[in-house]
Structure formats: C-alpha cells, structure tokens
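Novice: Please find one structure pasted underneath; my questions will follow.
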Amino acid sequence: MESLAGERELRRPSSDPIRASSQVEGALARMGVPGVAANLRIRRDWRKLVSGPWRERARPLVLEEGCLVVEVASPMDATLRRYGGAGLINQLNEALGSQMILRVRAQVSGAWHKQ
C-alpha cells in the first residue's frame, strides 16, 4: 500500500505493537535533532542515573548544546550544585555512554518542590 507521499507503507500486525516513545525518538533523530534520546532518558530516569545531592536537590529541565540545565529550589542549592557539577557530568556521561554533557547550569525556581 502507498501513502499520500508515494512511499510504501509497511503494515504491522496489531499483535506486534511499537512503543510510542521509541517511534518519537526515532523520528526526531531522523530529522536531525541531536540529543533527543539523551534528553528523554535523563528526564525519565533521573533518579536512577544520578546519586548524591543531585538526585534529591535538582530536577533536569533540558540538555541543549552540551549544557544540562537543572532546576533547584534556592540560590543556596544553585551554589552548592555548582561546585559538584563535574561529578554530575561524569555520572551522566558514563550512564549515557557518550560525552554529551559538557557543563551544568542550575536555574532557581521557587515553585520547585522535592519529588
């Protein structure tokens, strides 16, 4: 069967489902959006990937151009996290299997509450 774009469509039996998240990640990767899978994994698996004070005192927002932006509750948390950035970078790069994260920036949000 052909789609409207003239491409052949592959029919999959309904008993062979595909996870939507893997389809989205694959589609974005084909469009040339770098780091999509890493962004999704960091946000989804933060508590599994990170140890120490980062796990409880920060929440990942986005990874863009090698900079991981995390949200913290107070300026004091931002200062304390700044000094431990290298350890977080090492933990996450090791878990991701690549050197995608080059730096960390802590952003203060008064609305953030520990999960």
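The values are calculated or read from the model by the stated rules, or taken from the named source; none is laboratory data. In this text the structure is predicted, and so the values were computed from the model without any measurement. When we count neighbours, we look across all protein chains shown, and the Cβ atoms used for this are built from the backbone with ideal geometry, even at glycine.
Novice: Only one of (1) charged (D, E, K, R); (2) farther than 20 Å from Ala86 by Cβ; (3) surrounded by 12 or more Cβ atoms within 10 Å (Cβ to Cβ); (4) at pLDDT 90 or above is not met by Arg55, so which one is it?
Specialist: (2)
Novice: Now for a different question. Report yes if some residue within the range 58-76 is acidic (Asp, Glu), under 22 Å from Ser109 (Cβ atoms), modelled with pLDDT under 90 and not in a strand (DSSP E or B); otherwise report no.
Specialist: Checked against the condition, which is being acidic (Asp, Glu), under 22 Å from Ser109 (Cβ atoms), modelled with pLDDT under 90 and not in a strand (DSSP E or B), the range 58-76 yields at least one hit.
Novice: Which of the residues spanning the range 31-49 are modelled with pLDDT of 90 or more, over 12 Å from the mean Cα position of the chain (by Cα) and not basic (Lys, Arg)?
Specialist: Matches in the range 31-49: none.
Novice: So is Leu80 on the phi < 0 side of the Ramachandran plot and in a helix (DSSP H, G or I) or not?
Specialist: yes
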